[in-house]
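First up is the structure itself, then whatever we jot down about it.
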Amino acid sequence: MTVTDGVWQAKCILDRSLNHLIHKNIIRSGIDINITQCSFVYNERRLGQGCVCIEKIEHGSKESNVLRKIKDLDSLPMLSKDGFGNIVALQSDSPLQVGRKHYLSLWNNEDPEGRLWVPDVPPSDVVLDVSKMTLLCDLESSLGCMFRPLPLIVRVIHKSRLRYYGKPGLKIYYPYQAYFEVSDQSGTMSLVLWNELCPEWYQRLNVGTVLYLQNYTLKQSYQNRSRPHIDNHRMKSFHSVEICLNPRNPTAVLTVVPAKSVPPQWGLPEVSYQFAIRSELESLASNSACDVIGLVTFVSRVERIKSKGNTGPEKYWTYRWVHAVDGTSNIPFILEIFATSQPEIFNGIYPMTYLVCTQMRKCQEQDSLPYLTSSCETQIFTTGYHKGQPYVSDPRVKSFIQWTKTLKDSVMLKKTAVGGHYCFPHAPLIFTQSVADGSAQVPLVAANDLKSEMEGLRYREHKRLAIQGQIMAVQYVTLPEETLSDQQMVQSVVAVSDPHSDQRTVEVTEMLINRETAPSSVQSSPSRLKRKQTKRVIKRRYITRARMQEKREAGHGLTEEELGEEESDSETEEVGPLGKKTDQTRASGQLGPSDIPQSEGTTGERAVADCDRTSWESSSWPKQRREVLEYLHPGGVYSESLSQRFRFDDKTLLLQQSNLHAARWTPEQTTDTLSPVTCKGYYKITILGNVELM
């Protein structure tokens with residue numbers, strides 16, 4: 001951690017007991033802190049060298065008064081034990097502790113981090129000796145031979161994200177690995193970039209790059225890994241052998257050949273794609289791979305999930321949801337995009353840009369729209385990164401560009417949103433998962449375990465849990481027009497315990513976004529000045545568990561009228577050009593004003609009107625409520641959990657709010673916030689759980 005008082009900079013280490021403050025983003029770049037206790041830790045392997053260890057700390061305001069006064073942070077001298085010390089070493093990306101040569105990305109392990117990662121630069125002209133060459137088809141027979149294989153000339157057709165395999169005790173300075181699929185006129189084969197070569201070459205090897213390889217080794221291919229779908233290349237694939245590029249024993253020699261220096265006589269196949277359009281997505285087989293291009297209309301905030309089955313240190317995946325349209329359907333592509341080792345592009349996705357995603361896999365859940373999720377080989381490109389990519393000449397890409405020329409920016413901007421929490425696919429209407437299934441995707445937890453589950457969540461971590469209990473109350477909370485408080489939260493859960501009855505109460509807060517702000521291009525919203533309003537009164541009757549039980553005890557069944565909904569006239573609703581709500585609207589995660597139910601009071605329940613909306617409470621809840629002892633995080637709504645209307649003037653601030661907090665402070669970083677788009681309210685649900693039933 002690097003700290004400054006405005007005069008000096010100091011590179012320090014943080015005591016392990018304070019790590020939780022980083023995990024929860026309490027201590028972060030850009031805030032003021034008070035260091036109340038520190039020590040100087042000497043390096044026992046290097047005479048006279050050491051570093052400051054921060055042992056106790058107090059964190060202050062959101063905005064730093066110290067940083068605000070600094071004009072050029074890099075010009076501040078770096079403090080060491082002997083004054084200035086080794087300025088070059090202290091200002092480098094080398095960790096202070098011995099045995100470490102690089103830093104990991106703060107929030108995941110897939111993104112390149114630091115200056116040691118060589119950026120992509122145009123290759124220089126080269127002179128190659130191609131008199132003695134070999135082909136990929138000949139390498140299978142060369143496996144196990146004592147002589148060194150001949151040089152290769154290949155083209156990269158697929159590139160995977162970085163894989164970090166470091167763990168405690170591993171004596172490898174740069175434990176990285178990256179897979180590439182390469183091809184020549186005889187077929188395709190996997191190529192693996194190892195360790196120190198990853199920082200030097202990973203960002204310089206892209207899809208379409210032509211390589212001249214020397215001093216490589218061959219080994220039997222690792223079969224238990226994902227592979228890209230390359231059927232569209234119509235080439236033979238060699239899966240028994242893979243090419244290894246090592247930093248030593250022997251040191252591999254890589255040469256990037258400029259595109260203008262690649263003669264047709266080499267017979268290298270061109271990179272091909274398999275673009276799918278939205279109108280044909282339903283017809284694709286599940287788990288099939290495809291490439292997509294679309295105009296972005298919605299981008300969620302970046303969130304994190306803990307990697308399952310990781311045997312080493314805790315590992316988190318970062319991902320976000322994106323909606324994109326291509327003009328072939330009223331329903332957008334729903335894209336789940338995990339970090340692809342392209343942090344600049346991943347963090348720079350915003351509405352109104354052209355997004356290309358390769359090697360996406362189709363997923364389909366019951367009663368839900370299909371969506372596409374990224375794979376290990378997915379690469380993403382947005383506006384500003386398309387130049388020179390092999391797909392620019394694809395017919396479907398050209399057709400998409402022609403369609404975008406018919407659009408009006410002012411119209412499309414009204415259909416955009418950025419940031420906020422997005423959960424997809426939705427929970428099933430009926431929970432059929434086995435209670436004893438510990439490996440389930442949505443684990444069932446007891447109410448008394450819910451508190452520890454929530455306290456264990458880290459910054460922007462998303463976790464799906466299932467709890468068992470009875471709904472005791474439903475309350476509709478109306479939000480004011482002004483900005484929501486940062487102390488409120490979405491999808492919060494409140495647990496209440498009673499040591500005598502072994503019961504717990506859970507309150508779940510559900511966020512509600514009206515139709516005007518729904519993150520989808522399916523909806524169309526009029527401008528604020530020309531907003532049309534229609535009067536619609538919806539009177540709905542719901543059959544509750546208490547009423548069903550009452551009916552059964554009386555020997556009566558439920559009538560069709562009680563299972564239906566009646567419309568009369570009570571609620572004012574804003575309706576856009578596409579105001580009609582369909583099943584696809586629900587499946588794509590949209591909620592509108594008409595999703596807010598109305599109900600009449602019935603026996604055994606109490607109905608309370610709140611702004612023409614209904615709150616409900618079980619007749620037994622007031623009595624049981626007196627027995628509960630503890631409420632866990634009373635529900636509310638975090639402002640960052642709501643989407644914002646996208647505006648080009650606020651692009652930088654909107655991206656800062658929707659991305660993860662930056663590891664390094666920059667002058668552009670601000671604590672300013674924007675008011676979320678209109679959210680009229682949300683439901684707070686109180687659930688009473690019985691521990692004995694869990």
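The values are calculated or read from the model by the stated rules, or taken from the named source; none is laboratory data. Remember, it's a predicted structure, so these values are computed and weren't measured experimentally. Ideal geometry is used to build each Cβ from the backbone, glycine not excepted, and the neighbour counts take in all protein chains shown.
Things to note:
- Residue count, the range 408-437 (criterion: among the aliphatic types (A, V, I, L, M), at pLDDT 90 or above and either loosely packed, with under 13 Cβ neighbours inside 10 Å or within 22 Å of the chain's Cα centre (by Cα) (or both)): 3
Residues are listed down the side, and each one gets a yes or a no for (1) surrounded by 14 or more Cβ atoms within 10 Å (Cβ to Cβ); (2) touching a Leu at 6+ places or on another chain (Cβ under 8 Å); (3) closer than 28 Å to R234 by Cα:
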position	(1), (2), (3)
P119	no, no, no
L139	yes, yes, yes
P175	yes, no, no
G187	yes, yes, yes
C198	yes, yes, no
Y202	yes, yes, yes
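- Within the range 160-169, the presence of at least one residue that is at pLDDT 90 or above and part of a strand (DSSP E or B) is confirmed.
- Consider the range 255-276 and keep the residues that are β-branched (V, I, T) and assigned by TED's automatic domain parsing to the domain that holds Y212. The one that is nearest to the chain's Cα centre (by Cα) is V256.
- Considered as a group, the residues in the range 274-300 that are surrounded by fewer than 21 Cβ atoms within 10 Å (Cβ to Cβ) and in contact (Cβ under 8 Å) with a residue 60 or more places away in the chain include one that is farthest from L654 (Cα to Cα), and that residue is A285.
- Taking the criterion of being part of a strand (DSSP E or B), loosely packed, with under 13 Cβ neighbours inside 10 Å and not hydroxyl-bearing (S, T, Y), the residues of the range 1-56 that qualify are N34, Q37, F40, K56.
- Residue list for the range 370-407, restricted to those being in contact with a His (Cβ under 7 Å, 6 or more places away or on another chain) and either assigned by TED's automatic domain parsing to the domain that holds L162 or buried (at least 19 other Cβ atoms within 10 Å of the Cβ) (or both): E377
- Residue list for the range 180-189, filter: over 15 Å from A252 (Cβ atoms) and within 30 Å of the chain's Cα centre (by Cα): E181
- Among residues of the range 314-369 being assigned to a loop (DSSP other than H, G, I, E, B), of a type in the set (A, V, I, L, M) and on the phi < 0 side of the Ramachandran plot, the one that is surrounded by the most Cβ atoms within 10 Å (Cβ to Cβ) is A339.
- Figure legend. Inter-residue proximity from the range 173-191: first residues assigned by TED's automatic domain parsing to the domain that holds T217, second residues of a type in the set (V, I, T) and surrounded by fewer than 22 Cβ atoms within 10 Å (Cβ to Cβ), beta-carbon distance below 7 Å, spacing 6+ or different chains. Indicated pairs: Q177/V192; Y179/V192; F180/V156; E181/I230; V182/V156; T188/I230; M189/V241.
- Subset of the range 201-218 [outside any strand (DSSP E or B) and among the hydrophobic types (A, V, I, L, M, F, W, C)]: W201, L205, V207
- Residues (free of Cβ contacts under 8 Å to residues at least 40 places away in the same chain and within 29 Å of R304 (Cα to Cα)) located in the range 406-434: A427, I430, F431, T432, Q433, S434
- Qualifying residue in the range 226-234 (condition: exposed (fewer than 15 other Cβ atoms within 10 Å of the Cβ), at negative phi and touching a strand residue (DSSP E or B) at 6+ places or on another chain (Cβ under 8 Å)): no
- Among the residues of the range 30-70, those that are acidic (D, E) and under 33 Å from the mean Cα position of the chain (by Cα) comprise D32, E55, E58, E63.
- Candidate set: the range 170-200, residues that are charged (D, E, K, R) and in a strand (DSSP E or B); chosen: the one nearest to I337 (Cα to Cα): E181
- Residues satisfying the stated conditions in the range 124-137, i.e. in contact (Cβ under 8 Å) with a residue 40 or more places away in the chain, closer than 16 Å to M189 by Cα and out of contact with any Phe, Trp or Tyr (no Cβ under 9 Å at 6 or more places or on another chain): L135
- S240 passes every criterion in (1) in a strand (DSSP E or B); (2) outside the structural domain of E336 (by TED's automatic domain parsing); (3) under 25 Å from the mean Cα position of the chain (by Cα) apart from (3).
- Where strands (runs of 3 or more DSSP E) sit wholly within the range 591-694, those with at least 1 residues that are surrounded by fewer than 21 Cβ atoms within 10 Å (Cβ to Cβ) and at pLDDT 60 or above occupy 613-618, 681-690.
- Single unsatisfied condition, D367 versus (1) more than 30 Å from S160 (Cα to Cα); (2) outside the structural domain of G294 (by TED's automatic domain parsing): (2)
- Each residue in the range 146-179 was checked for being in contact with a Ser or Thr (Cβ under 7 Å, 6 or more places away or on another chain) and farther than 19 Å from V130 by Cα, and 5 pass.
- Residues of the range 1-39 classified as among the polar types (S, T, N, Q) and within 18 Å of T671 (Cα to Cα), total: 2
- Every pair of residues 6+ apart whose Cβ atoms lie under 6 Å, when the first sits in the range 319-344 and is in contact (Cβ under 8 Å) with a residue 24 or more places away in the chain and aromatic (F, W, Y) while the second is surrounded by 24 or more Cβ atoms within 10 Å (Cβ to Cβ) and part of a strand (DSSP E or B): F333/G294; F333/A324
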